[in-house]
Amino acid sequence: MSDVEVGSVVTVSGVEYEVQKILSSSRDAVQNLLVESKGKKFLIWRGPIAWGRDARTVLEDNIHDSLPTIVEVEEQDDEIVFILNAPPSTSTPFEDETWRSAKRTVGVISLQYVSEGLSQLHERKGWLQGLKRRDLYLDLISHRLYIVGMPRLTVNRRPAIEAPWRDMRLLGELCYENFVERDYPGGHQMAGILQDKDRLSGTQLQFPGFPQVLAGCVSPYGDLAYKDPMELHAGLEQLRVELARPINFIVGATSTVGNYLFRKNNQDSCGHISLQSVCGSQKVNLGFFCVADGIGGIQDGEHASRLAVETACQSFARGWAHYGADEIISRPFAFAKTIAKVVGQRLALEGEFAPGTNRGGTTFSGIVIAGRRAGICHVGDSRIVLIRKGKCYQLTDDHTLATILVRLGELTPEEAEKNDLSQRTISRFLSTSAEVEISRVDGLGRELEFPGTDAEGFEIKRGDLFVLTSDGSHGEFSEELLLEFAKEFDGDPQSLCDALVQNALDRMGRDNSTALAVLVE
């Protein structure tokens, strides 16, 4: 392969590649090219045989996504040529200005990602002998840094004590530049600053966790020095935790018996419980929010819905006390469904103790929000709706005869809305007569898909507004009216709930009416 320039074509193993960018410096013995073939980008590395064999040793088996993956290797007379997968198309060559303007949390997560790759290299006794900026690509969308070049790579089973530090020190410099938005002052000067309280006072260097990261990277010697990239990763994790701002909840709730003549009491119930944990500087807010609509007689329905809400909130608090926040964050769907199961067991137990006076049942719709994840549990025709960026998403399916007939093709959605009997005939609910099988407790509605949704939960965003309602409330408003009210009472969930319930009263609705709204901020 002769010397190349941008736009030229190089051939490896009979395949032509167009050179898009020359990534390596001319003084490097190893040439590094970004190339394209058939619409797909690759890296081409060309260098001495000894260097290439070291690279092959440490990169085979795709050890970490921050490192290139070998596609093909060709040994020629006095050199070796690699074809490697290039970073994602959303990544770009590292630029100081772009890096300094990135959010601090993005910077920290990106540095953690590449430190994991360095750790994998070091475990295979591969040493970069100093990571350089030109060896990096940055993806601000996925918060990742990619290593695209290793021109000084060597394999050494007994490296010098400075070897890990040489590969890590750039990460300390980049952390400083992202955080402070100016040039790194140099190792000796940085060491002096970190030992001088007066020079630290009143500066961004005071931020908790930040001076520890800088001290760990400034020198390979001393008790504060990081001995390997995973120690650096841990220091960056502490800084990420210190930077994190937990979500908060603003909650509003309104419930009324209504003004329909034949409704003597309010069989709706709603409730919520919010908890905060602070462990190792990490602040996590968690919450559970639910609505229940009683069924089966004046006293029995009221008792069932109240017992459901009380049991659910108690179960959430006990679960948090027993398992801790991390377990709930990792599996909010499972946690939510377990709460519904406990509620069903409690109601069934109530029926066993007093079968003559407890004939009630209740709908039950609840949402667990933990960290930045959420999970749904739902039985009946109460609803949970998410309003996000001016759009409305119904997160639950109504368990009614109308829904079944629509799915069977017997009714259109428009016909079902006008069919009062099928709309008000509930196909599932929690009961004091028997425990409902957990398989009949829903999570997200069947038609719903969100980015970031998996079997364990879905991601929430700041600004999300969750609205939980009984049918006496949502049966009296359209999606358009709900969005109109949400816009009118933006940032005020209590006023939104008041407006939704008042709307039911103004329309002389035939049921109790309840609305609970949760704004995530």
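The values are calculated or read from the model by the stated rules, or taken from the named source; none is laboratory data. These numbers come from a predicted model, not from an experiment. So basically every Cβ, Gly included, is an ideal-geometry build from the backbone, and we count neighbours across all protein chains shown.
Taking the stated definitions as given, is residue 216 in a helix (DSSP H, G or I), crowded, with 21+ Cβ neighbours inside 10 Å, small (Gly, Ala, Ser) and over 26 Å from the mean Cα position of the chain (by Cα)?
Values: in a helix (DSSP H, G or I): yes; crowded, with 21+ Cβ neighbours inside 10 Å: yes; small (Gly, Ala, Ser): yes; over 26 Å from the mean Cα position of the chain (by Cα): yes.
The answer is yes for residue 216.
In region 135-146, is there at least one residue being modelled with pLDDT of 95 or more and among the small types (Gly, Ala, Ser)?
Within region 135-146 (the criterion being modelled with pLDDT of 95 or more and among the small types (Gly, Ala, Ser)), the answer is no, since none of the residues qualifies.
Select, from 48, 68, the only residue that is surrounded by 21 or more Cβ atoms within 10 Å (Cβ to Cβ) and not aliphatic (A, V, I, L, M).
Details: 48 fails: surrounded by 21 or more Cβ atoms within 10 Å (Cβ to Cβ).
One residue alone meets the criteria, 68.
Within region 350-385, take every residue that is surrounded by fewer than 22 Cβ atoms within 10 Å (Cβ to Cβ) and among the aliphatic types (A, V, I, L, M) and give me the one that is farthest from residue 470 (Cα to Cα).
Per the criteria, the residue is 354.
Can you tell me which residue in region 339-374 is farthest from the chain's Cα centre (by Cα), limited to those that are β-branched (Val, Ile, Thr) and over 27 Å from residue 246 (Cβ atoms)? Outline the logic, then answer.
The initial filter retains those residues of region 339-374 that are β-branched (Val, Ile, Thr), namely 339, 342-343, 357, 362-363, 367-369.
Pick out the ones that are also over 27 Å from residue 246 (Cβ atoms) and you get 343, 357, 362-363.
Values: 343: 28, 357: 46, 362: 33, 363: 30 Å.
My answer is 357.
Out of 200, 170, I need the residue that is at pLDDT 95 or above and of a type in the set (A, V, I, L, M). Which one?
170
Would you confirm, using the coordinates I've provided, whether residue 226 is of a type in the set (Ser, Thr, Tyr), under 18 Å from residue 145 (Cβ atoms) and within 31 Å of the chain's Cα centre (by Cα)? Write out each step before concluding.
On the way: of a type in the set (Ser, Thr, Tyr): yes; under 18 Å from residue 145 (Cβ atoms): yes; within 31 Å of the chain's Cα centre (by Cα): yes.
Judged against the criteria, residue 226 is a match.
Would you be able to tell me the number of residues in region 232-244 that are touching a Ser or Thr at 6+ places or on another chain (Cβ under 9 Å) and not hydrophobic (A, V, I, L, M, F, W, C)?
Within region 232-244, the subset touching a Ser or Thr at 6+ places or on another chain (Cβ under 9 Å) is 232-233, 236, 238, 240-244.
Right, trim to not hydrophobic (A, V, I, L, M, F, W, C) and you get 233, 238, 240, 242.
Of the residues in that region, 4 qualify.
Please work out which residue is nearest to the chain's Cα centre (by Cα), limiting yourself to region 295-337 and to residues that are under 28 Å from residue 265 (Cα atoms) and of a type in the set (Ser, Thr, Tyr).
315
May I ask you to verify whether residue 339 is under 18 Å from residue 279 (Cβ atoms), among the β-branched types (Val, Ile, Thr), without any contact (Cβ under 8 Å) to a residue 60 or more places away in the chain and assigned by TED's automatic domain parsing to the domain that holds residue 452?
Answer is no for this residue.
Of everything in region 461-475, what is surrounded by fewer than 23 Cβ atoms within 10 Å (Cβ to Cβ) and either at pLDDT below 95 or closer than 16 Å to residue 503 by Cβ (or both)? Give them in sequence order.
461, 462, 475
For region 154-181, name all the residues that are in a loop (DSSP other than H, G, I, E, B) and either touching a residue at least 12 places away in the same chain (Cβ under 8 Å) or not assigned by TED's automatic domain parsing to the domain that holds residue 102 (or both).
So in region 154-181, the residues in a loop (DSSP other than H, G, I, E, B) come out as 156-162, 181.
156, 157, 159, 161, 162, 181 - these are the residues of region 154-181 that are in a loop (DSSP other than H, G, I, E, B) and either touching a residue at least 12 places away in the same chain (Cβ under 8 Å) or not assigned by TED's automatic domain parsing to the domain that holds residue 102 (or both).
Looking only at region 1-14, filter to residues that are surrounded by 13 or more Cβ atoms within 10 Å (Cβ to Cβ) and under 18 Å from residue 73 (Cα atoms); which one of those is modelled with the lowest pLDDT?
Of region 1-14, the ones surrounded by 13 or more Cβ atoms within 10 Å (Cβ to Cβ) are 1, 4, 8, 10, 12.
If we keep only those that are under 18 Å from residue 73 (Cα atoms) as well, we get 1, 10, 12.
Details: 1: 50, 10: 88, 12: 88.
Once the filter is applied, the top-ranked residue is 1.
Let me spell it out: the conditions are (1) closer than 23 Å to residue 300 by Cα; (2) at pLDDT below 90, and residue 457 meets all of them except one. Which number is the exception?
(1)
Return the residue satisfying two criteria in turn: it lies in region 244-272 and is outside any strand (DSSP E or B) and among the aromatic types (Phe, Trp, Tyr), and of such residues it is farthest from the chain's Cα centre (by Cα). Can you show your working first?
Of region 244-272, the ones outside any strand (DSSP E or B) are 244-248, 257-267.
With among the aromatic types (Phe, Trp, Tyr) added as a condition, the list becomes 260, 262.
Details: 260: 44, 262: 47 Å.
Across region 244-272, the extreme among qualifying residues is 262.
Taking region 436-460 on its own, how many of its residues are among the aliphatic types (A, V, I, L, M) and either outside the structural domain of residue 256 (by TED's automatic domain parsing) or surrounded by fewer than 14 Cβ atoms within 10 Å (Cβ to Cβ) (or both)? Before the answer, list the steps.
Within region 436-460, the subset among the aliphatic types (A, V, I, L, M) is 436, 438, 441, 444, 448, 455, 460.
Right, trim to either outside the structural domain of residue 256 (by TED's automatic domain parsing) or surrounded by fewer than 14 Cβ atoms within 10 Å (Cβ to Cβ) (or both) and you get 438, 455.
Count: 2.
Can you tell me how many residues within region 53-106 are of a type in the set (S, T, N, Q), part of a loop (DSSP other than H, G, I, E, B) and within 32 Å of the chain's Cα centre (by Cα)? Full working, then the answer.
Of the residues in region 53-106, the ones of a type in the set (S, T, N, Q) are 57, 62, 66, 69, 76, 85, 89-92, 98, 101, 105.
Keeping just the survivors that are part of a loop (DSSP other than H, G, I, E, B) gives 62, 66, 69, 76, 89-91.
Retained after the next criterion (residues that are within 32 Å of the chain's Cα centre (by Cα)): 62, 66, 69, 89-91.
Number of matching residues: 6.
Please pick out the residue among 163, 191 that is of a type in the set (A, V, I, L, M, F, W, C), in contact with a strand residue (DSSP E or B) (Cβ under 8 Å, 6 or more places away or on another chain) and surrounded by 13 or more Cβ atoms within 10 Å (Cβ to Cβ). Working first, answer last.
On the way: 191 fails: in contact with a strand residue (DSSP E or B) (Cβ under 8 Å, 6 or more places away or on another chain).
The conditions single out 163.
So, in region 308-323, how many residues would count as being at pLDDT 95 or above, among the hydrophobic types (A, V, I, L, M, F, W, C) and farther than 18 Å from residue 429 by Cβ?
Residues meeting the conditions: 3.
For the subset of region 16-57 comprising residues that are among the β-branched types (Val, Ile, Thr) and touching a Lys or Arg at 6+ places or on another chain (Cβ under 9 Å), which member is modelled with the lowest pLDDT?
From region 16-57, those among the β-branched types (Val, Ile, Thr) are 19, 22, 30, 35, 44, 49, 57; that's our starting set.
Among the residues that remain, those that are also touching a Lys or Arg at 6+ places or on another chain (Cβ under 9 Å) are: 30, 35, 57.
Working: 30: 89, 35: 92, 57: 92.
Top of the filtered list is 30.
Is there any pair linking a residue in region 424-435 that is on the phi > 0 side of the Ramachandran plot and assigned by TED's automatic domain parsing to the domain that holds residue 343 to one that is outside any strand (DSSP E or B) and surrounded by fewer than 18 Cβ atoms within 10 Å (Cβ to Cβ), with Cβ under 7 Å and at least six apart or on different chains, and which?
none
Go through region 399-454 residue by residue and tally those that are modelled with pLDDT of 80 or more, assigned to a loop (DSSP other than H, G, I, E, B) and of a type in the set (Gly, Ala, Ser).
Qualifying residue count, region 399-454: 4.
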